[in-house]
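These notes concern the structure reproduced below.
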Protein chains: 4
Amino acid sequence: MNWSKWSFVAVIILLKFDFVFSQASPTILIAYYSQSGNTKAMAEAVAKGARSLEGISLILKSIQEISQNELLFADAIILGSPVYNANLPPAVMEFINSWPYEGRPLKDKIGAVFVTGGGFSIGEEAVMLSMIRSMLIHGMLIVGGDESEAAFGASAITGEGAFAGQPVDEIFLRKAEGLGRRVGELVLK
Amino acid sequence: MNWSKWSFVAVIILLKFDFVFSQASPTILIAYYSQSGNTKAMAEAVAKGARSLEGISLILKSIQEISQNELLFADAIILGSPVYNANLPPAVMEFINSWPYEGRPLKDKIGAVFVTGGGFSIGEEAVMLSMIRSMLIHGMLIVGGDESEAAFGASAITGEGAFAGQPVDEIFLRKAEGLGRRVGELVLK
Amino acid sequence: MNWSKWSFVAVIILLKFDFVFSQASPTILIAYYSQSGNTKAMAEAVAKGARSLEGISLILKSIQEISQNELLFADAIILGSPVYNANLPPAVMEFINSWPYEGRPLKDKIGAVFVTGGGFSIGEEAVMLSMIRSMLIHGMLIVGGDESEAAFGASAITGEGAFAGQPVDEIFLRKAEGLGRRVGELVLK
Amino acid sequence: MNWSKWSFVAVIILLKFDFVFSQASPTILIAYYSQSGNTKAMAEAVAKGARSLEGISLILKSIQEISQNELLFADAIILGSPVYNANLPPAVMEFINSWPYEGRPLKDKIGAVFVTGGGFSIGEEAVMLSMIRSMLIHGMLIVGGDESEAAFGASAITGEGAFAGQPVDEIFLRKAEGLGRRVGELVLK
């Protein structure tokens, strides 16, 4: 084997290494706040969607348990919240306000959201857009679900009509799964 | 009959006249834009709610048929629209942009809204708030439905899950009725 | 003086009494949350506007000092907040979430809002509409400022361009005054 | 030169070619609607920002002149609009409604927005979020400006206070430039 052959192999190795290194284990952080369990159920469906793809590290945690390092390390943050009086609960706003801002370390990370609300159109969109606005303040790239019915993120109605007193409906869990899968596809790119 | 008696009678007559004049027939204008018939169905339910009260004049018309005088004369305007790409259709924006602005003649009129959208949380809130914002530009007083599940106005989901391919569901028509009744109660005050 | 004269006088007295009773001291509650003093300055301008009218009782307080009775007794609530990450601060959301809901005792009260934000279009509208949405959940009647430049309420930019490092600019304080005056005119009706 | 040397050269050439091909001329479409010239001025500043980077193809056009192929071919779409009654003008909504939807061909394209409005907080945020919502319906990835003061996109106030009757202020043009540069950096990735 002469010099040129060695160089050739070296290039291939370096290319592979670069490929492996940059593609290995992109991380998705799924952060949720749940009192009744509904938002947690949506979070688990988001996780299921992301897990359907190979090669993704997943952190699924309540917002109270998340460290600053987990935020900084994640390639994508998917944040889920219930609706309180057509707005974000204080605990979720406190979580968002705790995100590191100096130097804008969350810039260019992928951001996505999901929400559970008691009734039809009583704040689900508003809360999704509230979280999206805060993510844009941090310079994140926003992505919605994988169908236009989940355009702003995955939403669920849990307390009105046929949905009252039931576990989160399959129609909404599917949107959450689609959201997880879509974010997964993006971090793998 | 002496002077004081005549004065007394005159005062009573004037008071009655004033009462009759000011209270008689407050007018509600229900303006809708409907392609599929769903928003029209909601408009008719709003009208039904308002008609459940006595002493209200009601105008129920498509936005294309409404004259400027009808806008000016109304004590309340209830505007209904479908959702197009998570926003108001151009025709509804054109209607709003045609409202008289000079001297702000719509100021202090009551404003309320209703909406129909294809899927859950894909623009119903956004479109209700779009119409509310324009009404606030004109100085109108905004009121929602008569229950917190219709807080921003009456909304209907017409194209997803169990609601797809069906006439507008009773749960949403009831909200529209409640909205009409609530606006009716306010204009009668 | 004969019977008719006495009756006449009695009617006048009753009318006056009714006038005095129903008009006496409608109450406006101005509730604000302020860390830097900017939102407090806006609150004081709102109060100045309301005080320019006679016959209004005014309560001007930080949200931490407001009792439930003050909320229940007020004819109008004007709520002011800064912008945190394009959303309401947790403390303001906690205040809103503490409002009495059972029986909807805030229904039909007048609601209006004001806001201070660091930069141009980085959440001022969003925060005004956040507060408006919560007020609509409670069934309140929403009113904006007295000019279309304060359509959703009174807003101030306090940290960007020529406005950075200055007291709240007169252009914004005038909007706050106009808002107070407009709400005052409505509660006097 | 032996076989391995030729292979090595071939690999290098292919890598270069691939690099050139995939990186060459990502295209940004800047689409604006302007009546007074203000939104056009912002569009030109967005273009200036994008042109500050090498290797980007730029299309800068009024929405009336844009073909469907230009939409389909673009890697990023930056849409600019004035504020009409706190909402999008009908012409911009018509443009958005004309975007190809079948098969969601705009999915994964980068989307960003800019806006000009007459007064402080009378619809700039609302119109930026209106455009963002429609882009999310199409599955686009949303990005804001390059500083948190342009979080939702680049906005300009053109008709109130010191900004009235003036060309678009430098403070706003800088945000537009930053937006163009930021989108440019992303399409070059």
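Any idea how many residues of region A:154-174 are within 16 Å of A:Gly117 (Cβ to Cβ) and in contact (Cβ under 8 Å) with a residue 60 or more places away in the chain?
Of all residues in region A:154-174, those within 16 Å of A:Gly117 (Cβ to Cβ) come to A:154-169, A:171-173.
Now drop any that are not in contact (Cβ under 8 Å) with a residue 60 or more places away in the chain, which leaves A:154, A:156, A:158, A:167-168, A:172-173.
Residues in region A:154-174 being within 16 Å of A:Gly117 (Cβ to Cβ) and in contact (Cβ under 8 Å) with a residue 60 or more places away in the chain: 7 in total.
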Next on the checklist: Show the residue pairs meeting these rules: Cβ distance below 6 Å; 6+ apart or different chains; first residue within region A:130-146 and surrounded by fewer than 24 Cβ atoms within 10 Å (Cβ to Cβ); second residue β-branched (Val, Ile, Thr).
Outcome noted: A:Leu141/A:Ile110; A:Leu141/D:Val143
Item to check | Residues satisfying the stated conditions in region B:101-128, i.e. at the interface with chain A (Cβ under 8 Å from one of its Cβ atoms) and of a type in the set (Ser, Thr, Tyr) | outcome: B:Ser121
Next on the checklist: Being more than 15 Å from the chain's Cα centre (by Cα), without any contact (Cβ under 8 Å) to a residue 12 or more places away in the chain and within 12 Å of chain A (Cβ to nearest Cβ) is the requirement here; does C:Ser98 meet it?
Outcome noted: no
Checklist entry - Yes or no: A:Gly80 in contact with a helix residue (DSSP H, G or I) (Cβ under 8 Å, 6 or more places away or on another chain), within 22 Å of A:Arg174 (Cβ to Cβ) and within 11 Å of chain C (Cβ to nearest Cβ)? => result no
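Among the residues of region C:134-177 satisfying the criterion of being of a type in the set (Asp, Glu) and farther than 28 Å from A:Pro90 by Cβ, which is nearest to the chain's Cα centre (by Cα)? Can you show your working first?
We begin by selecting, within region C:134-177, every residue of a type in the set (Asp, Glu); these are C:146-147, C:149, C:160, C:169-170, C:177.
If we keep only those that are farther than 28 Å from A:Pro90 by Cβ too, we end up with C:146-147, C:149, C:169-170, C:177.
Values: C:Asp146: 12, C:Glu147: 15, C:Glu149: 17, C:Asp169: 20, C:Glu170: 19, C:Glu177: 10 Å.
In this case the residue turns out to be C:Glu177.
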Checklist entry - Wholly within region A:1-91, which helices (runs of 4 or more DSSP H) include no fewer than the required count, namely at least 3 residues that are at pLDDT 60 or above? => result A:38-51, A:68-73
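Do you know which of the residues in region A:175-189 that are of a type in the set (Gly, Ala, Ser) and more than 18 Å from B:Ile122 (Cα to Cα) is nearest to the other protein chains (Cβ to nearest Cβ)? First the steps, then the outcome.
Initially, region A:175-189 is screened for residues of a type in the set (Gly, Ala, Ser), giving A:176, A:178, A:180, A:184.
Narrowing further to those that are more than 18 Å from B:Ile122 (Cα to Cα): A:180, A:184.
Numbers: A:Gly180: 15, A:Gly184: 14 Å.
Looking at the filtered set, the residue picked out is A:Gly184.
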Checklist entry - Is it the case that A:Leu88 is in contact with a strand residue (DSSP E or B) (Cβ under 8 Å, 6 or more places away or on another chain) and within 9 Å of chain C (Cβ to nearest Cβ)? => result yes
Checklist entry - Restricting attention to region C:64-96, and to residues there that are over 11 Å from A:Asn97 (Cβ atoms) and of a type in the set (Ser, Thr, Tyr), which single residue is surrounded by the fewest Cβ atoms within 10 Å (Cβ to Cβ)? => result C:Ser67
Checklist entry - For region C:149-174, which residues satisfy the criterion of being facing another protein chain (nearest Cβ under 8 Å) and more than 23 Å from D:Val168 (Cα to Cα)? => result C:Phe152
Next on the checklist: Restricting to region C:41-83, give me the number of residues that are free of Cβ contacts under 8 Å to residues at least 60 places away in the same chain and among the basic types (Lys, Arg).
Outcome noted: 1
Next on the checklist: Quick test for you: out of D:Phe163, D:Phe152, pick the one residue that is touching a strand residue (DSSP E or B) at 6+ places or on another chain (Cβ under 8 Å) and closer than 25 Å to A:Ala150 by Cβ.
Outcome noted: D:Phe152
Checklist outcome for this item: Being surrounded by fewer than 24 Cβ atoms within 10 Å (Cβ to Cβ) and part of a helix (DSSP H, G or I) narrows C:Glu125, C:Glu149 down to just C:Glu149
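Here's a check for you: in region C:152-189, which residue that is in a loop (DSSP other than H, G, I, E, B) and of a type outside the set (Gly, Ala, Ser) is surrounded by the most Cβ atoms within 10 Å (Cβ to Cβ)?
Filtering region C:152-189 for residues that are in a loop (DSSP other than H, G, I, E, B) and of a type outside the set (Gly, Ala, Ser), the one surrounded by the most Cβ atoms within 10 Å (Cβ to Cβ) comes out as C:Phe152.
The values are calculated or read from the model by the stated rules, or taken from the named source; none is laboratory data. Computed from a prediction, not measured in an experiment: that's the story for all the values here. A quick note on method: Cβ atoms are made from the backbone with ideal geometry, for glycine too, and the neighbour counts reach across all protein chains shown.
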